[in-house]
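For reference, the structure discussed in these notes is given below.
The values are calculated or read from the model by the stated rules, or taken from the named source; none is laboratory data. Because the structure is a prediction, the values reported are computed rather than measured. Every residue, glycine among them, receives a Cβ derived from its backbone with ideal geometry; neighbour counts consider all protein chains shown. What goes into the accessible areas is simple: the full protein's heavy atoms, side chains included, and nothing from ligands, DNA or RNA. Shrake-Rupley method; radii C 1.70, N 1.55, O 1.52, S 1.80 Å.
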Amino acid sequence: LHNVAGVRRGTDRGDEYVVVSAHYDQNNSHAAGAVGVIYNGADDNASGVAALLELVEAVAEHRVDTRRSILFAFWDGEEMGMLGSKQWFKQPTVPSDKVRLAINIDMIGRLRDGRLEVLGTRTGYGLRRLLSGHVRDPLWLDFSWELKANSDHWPFVEHGIPIAMFHTGLHDDYHLPGDDAAKINVAGLETVSRYMLSTLAKTANSDWLP
């Protein structure tokens, strides 16, 4: 396993952390007999990785200072059972008990009708309100109460840490060779990424977190 992580240190509350993450591995085990077929995983999860890289670049280039520290994490082994994020809790790079919120980005490249699924708001009181109110683009936040052990948010849930999981929905190319870059909604990915940046800044600066 090879997780990749970096920290942007906070100011007056730098001993607290907001984690924002995406997994960089992809699944190629579901097409029986499709030997030699390339699985590009453009939506799952190159879309999330691209957004996270943009967040890192925006925070660094524009010198975005936040009160809390931010841990940017690219997880390995998500498709094999969230192995990378689970391993992080065994050998955390920052104190895990100081993580106040974990934001997970997984499959945000197929925005349709402006709908962004937001999962996990029941893991912290007031989290739904915290994630609303700063949406500038035509974006519909679809707050889902469903929460499963199906991505890297789950190890944080198991450790009692509030989470927010962002997702633009499943599609017929999920875990199949058809998940190619030509099918990515680039404008939608930009819209979601802008929302991610404002959400990250808001949560890392907030006086209060769930």
Quiz item: Before we move on, is His159 open to solvent by 30 Å² or more (accessible area, probe 1.4 Å) and not acidic (Asp, Glu)?
Solution: yes
Quiz prompt | Residue satisfying condition, being at pLDDT below 95 and either surrounded by 15 or more Cβ atoms within 10 Å (Cβ to Cβ) or out of contact with any Asp or Glu (no Cβ under 9 Å at 6 or more places or on another chain) (or both), within set Gly6, Gly33 | solution = Gly33
Self-check item: Residues satisfying the stated conditions in region 136-161, i.e. within 23 Å of Val49 (Cβ to Cβ) and in contact (Cβ under 8 Å) with a residue 60 or more places away in the chain
Solution: Ala149, Ser151, Asp152, Trp154, Pro155, Phe156, Ile161
Practice problem: Considering (1) open to solvent by 60 Å² or more (accessible area, probe 1.4 Å); (2) in contact (Cβ under 8 Å) with a residue 12 or more places away in the chain; (3) more than 17 Å from the chain's Cα centre (by Cα), say which one Asn185 fails and leave the rest. | Solution: (1)
Quiz item: Does Asp173 qualify as being surrounded by 15 or more Cβ atoms within 10 Å (Cβ to Cβ) and either in a helix (DSSP H, G or I) or among the acidic types (Asp, Glu) (or both)?
Solution: yes
Practice problem: May I ask you to list the residues in region 176-210 that are assigned to a helix (DSSP H, G or I) and not aliphatic (A, V, I, L, M)? | Solution: Lys183, Gly188, Glu190, Thr191, Ser193, Arg194, Tyr195, Ser198, Thr199, Lys202, Thr203, Asn205
Quiz item: In region 47-154, which helices (runs of 4 or more DSSP H) lie fully inside it and hold 3 or more residues that are out of contact with any His (no Cβ under 9 Å at 6 or more places or on another chain) and buried (at least 21 other Cβ atoms within 10 Å of the Cβ)?
Solution: 48-61
Self-check item: Of all residues in region 36-46 being part of a helix (DSSP H, G or I) and among the aliphatic types (A, V, I, L, M), the one that is most open to solvent (accessible area, probe 1.4 Å)
Solution: Ala46
